[in-house]
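Since every read-out is calculated from the coordinates, none of them should be taken as a lab result. Source: prediction; values computed, not measured. Every residue, glycine among them, receives a Cβ derived from its backbone with ideal geometry; neighbour counts consider all protein chains shown.
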Amino acid sequence: MNILITNDDGYRAKGLMALVRMMRPYGRITVIAPKYPQSGMSMAVSMGFRQIAAKRLPDQDGVRWYYLDATPASCVKFGVDNVYADEGLRPDIVLSGINHGSNAATAANYSGTLGAAEEAAINGIPAIGVSLATMSPNADFSSVCKFFPEIFDTLASSPSGASGIYYNVNFPNLPVSRVKGIRIAHQGSGHWEREFIAYDPSLLERNGMDKDAFGPVYAPAREEGEELYMMGGEFKDDSGDDPLADHHVMAAGYVAICAHSVLNCDMREIKRLRSLGIDKDFI
């Protein structure tokens, strides 16, 4: 099995290392990950004819390593169009993660982790995004390493047959002994409020993060008259008491598995619009 692994936390992230170690028994692994963290990039691609740096790193225990100074979706494109295509191959599956932070509920819409999985799905390649609900760079991934292989075996051996499907697997930040089980969930809903807060590098330090690890694009540079902000905010849960919303499943102590599709149109609303008589012929 040819396995392409990427993430949105950068090629040095602990979660990426854990996923690579976990997947080594399954086949030939190629890692192509962003040079710097790319959280919140969704399916953004690195465009504008700008230079994009790529580097082949030393192999580690038979695993090929690259970094690309670009978004997670771009890393998948580079893998499919360059690294594998140059060998006359395609990845059999793409894995993205293990993300430092939950990608349940509306976070899935912003996630660079899932953006990489969606890019794979657009190319007809099965894909799974994996996340752990803590932002700590030194997170304990023991529960993921314990339970994800069985999830992977099931998903990889039972493909949906439908095009454009990818999977979002979210683990609660709990020790192995406190994970209650696994549930098939659906995407929860919610939104953030008061998201722009004054730039405060001490918030990174208090969370064990090094601002220099985020790369030059994150380095604050202030021109005259500018004020610096950073994203924060408060999550407002819009799912009510729905027990199968993925973020509620995680809060109850379960691993949440949600199926996503690249086709994000709403067929019920399309049917309703047709009933309004909007369709017309002019010629």
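Show me 227-234, 9-16, 262-269, 182-189 ranked by packing, highest mean number of other Cβ atoms within 10 Å first.
Highest mean packing first, the order is 9-16, 182-189, 227-234, 262-269.
So which aspartates and glutamates can Lys236 reach, going by Cα to Cα under 18 Å and dropping same-chain residues fewer than 8 places off?
Partners found: Glu193, Glu195, Asp246.
Between Asn109 and Ala53, what is 0.36 nm times their sequence separation minus the Cα-Cα distance? Round to one decimal in nm.
The span from Asn109 to Ala53 would gain 17.5 nm if fully extended.
Where a ≥ b ≥ c are the square roots of the eigenvalues of the C-alpha gyration tensor, would you call the range 109-189 rounded, which needs a/c under 1.5, or, failing that, prolate if a/b is larger than b/c, or oblate?
prolate
What is the calculated FRET efficiency for Ala259 to Glu150, with r their C-beta to C-beta distance and R₀ = 22 Å, to the nearest 0.05?
Calculated value: 0.80.
Once phi is turned into ³J(HN,Hα) by the Karplus curve 6.51 cos²θ - 1.76 cosθ + 1.60 with θ = phi - 60°, what whole-Hz value does each residue of the range 29-34 show in order, with x for glycine and proline?
Once rounded to whole Hz, the list reads 9, 10, 9, 10, 10, x.
Among Ala127, Gly97, Cys145, whose Cα sits farthest toward the positive end of the charge dipole of the range 69-149 (+1 at Cβ of Lys/Arg, -1 at Cβ of Asp/Glu, about the Cα centre)?
Ranked along the dipole, the leading option is Cys145.
Please list, in chain and number order, the residues 5+ apart from Val31 or on another chain whose amide H is under 5 Å from its amide H, with Hs placed from the backbone.
Answer set, sorted by chain and number: Ile5, Arg64, Trp65, Tyr66.
Estimate the FRET efficiency between Asp92 and Ser202 by the formula 1/(1 + (r/R0)^6), using the beta-carbon distance for r and 35 Å for R0, to the nearest 0.05.
Once the sixth-power term is evaluated, E becomes 0.20.
Can you give me the long-range amide H partners of Asn99? Hydrogens built in the peptide plane at 1.01 Å from N, cutoff under 5 Å, separation of 5 or more residues or another chain.
Those lying under 5 Å, H to H, from Asn99 are Val130, Ser131, Leu132.
Within 10 Å of each residue's Cβ, count the other Cβ atoms and sort Lys146, Lys35 from fewest upward.
Going from least to most buried by this count: Lys146, Lys35.
Of Ser39, Ala221, Ile184, which is farthest along the charge dipole of the chain in the positive direction, counting Lys and Arg as +1 and Asp and Glu as -1 at C-beta?
Value: Ile184.
Multiply the residue separation of Gln60 and Arg178 by 0.36 nm, subtract the distance between their alpha-carbon atoms, and state the gained length in nm to one decimal.
Value of the extension gain: 39.2 nm.
Suppose every Lys and Arg Cβ carries +1 and every Asp and Glu Cβ carries -1, with no other charges. What dipole size does the chain come out with about its Cα centre, to the nearest 20 debye?
780 debye
Could you list Ile197, Ile3 in order of exposure, starting from the residue whose Cβ has the fewest other Cβ atoms within 10 Å?
Lowest to highest Cβ neighbour count: Ile197, Ile3.
Can you put Thr134, Thr6 in order of Cβ neighbours within 10 angstrom, beginning with the fewest?
Lowest to highest Cβ neighbour count: Thr134, Thr6.
Hey, with R₀ at 22 Å, roughly what FRET efficiency would Tyr26 and Asp81 work out to, going by the Cβ-Cβ distance, to 0.05?
Between Tyr26 and Asp81 the formula returns 0.40.
By the gyration tensor of its Cα atoms, with a ≥ b ≥ c the square roots of the eigenvalues, what is the shape of the range 158-261: rounded for a/c under 1.5, prolate for a/b over b/c, or oblate?
Note, shape of the range 158-261 comes out prolate.
How big is the antiparallel share of DSSP beta bridges in the range 19-157, given as a percent to the nearest 5?
35 percent
Using the Cα centre of the range 123-271 as the reference point, and only Cβ charges (+1 on K/R, -1 on D/E), how large is the resulting charge dipole? Debye, rounded to the nearest 20.
Using Cβ point charges on Lys, Arg, Asp and Glu, the range 123-271 gives about 760 debye.
How large is ³J(HN,Hα) for each residue in the range 102-117, as worked out from phi by the Karplus curve 6.51 cos²θ - 1.76 cosθ + 1.60 (θ = phi - 60°), to whole Hz, x for Gly and Pro?
Each residue of the range 102-117 in turn: 5, 10, 8, 6, 5, 4, 4, 5, 9, 5, x, 4, 6, x, 5, 5 Hz.
Check the straight Cα-Cα distances from Lys271 and name the lysines below 18 Å, setting aside those fewer than 8 residues away within the same chain.
Candidates past the 8-residue exclusion: Lys280.
Just to check I understand the Karplus step: with θ = phi - 60° and J = 6.51 cos²θ - 1.76 cosθ + 1.60, what whole-Hz values come out for the range 249-256, glycine and proline as x?
Karplus-based 3J(HN,Hα) across the range 249-256 equals 4, 5, 4, 7, x, 10, 6, 9 Hz.
Summing -39500 (n - 2.57) over the DSSP H runs of n ≥ 4 in the chain and dividing by its residue number, what mean residue ellipticity at 222 nm do you reach, to the nearest 500 deg cm²/dmol?
After summing the helix terms and dividing by the residues of the chain, the value is -7000 deg cm²/dmol.
If the reach is capped at under 21 angstrom between alpha carbons, list the lysines near Lys14, excluding any in the same chain fewer than eight residues apart.
Candidates past the 8-residue exclusion: Lys35, Lys55, Lys146, Lys211.
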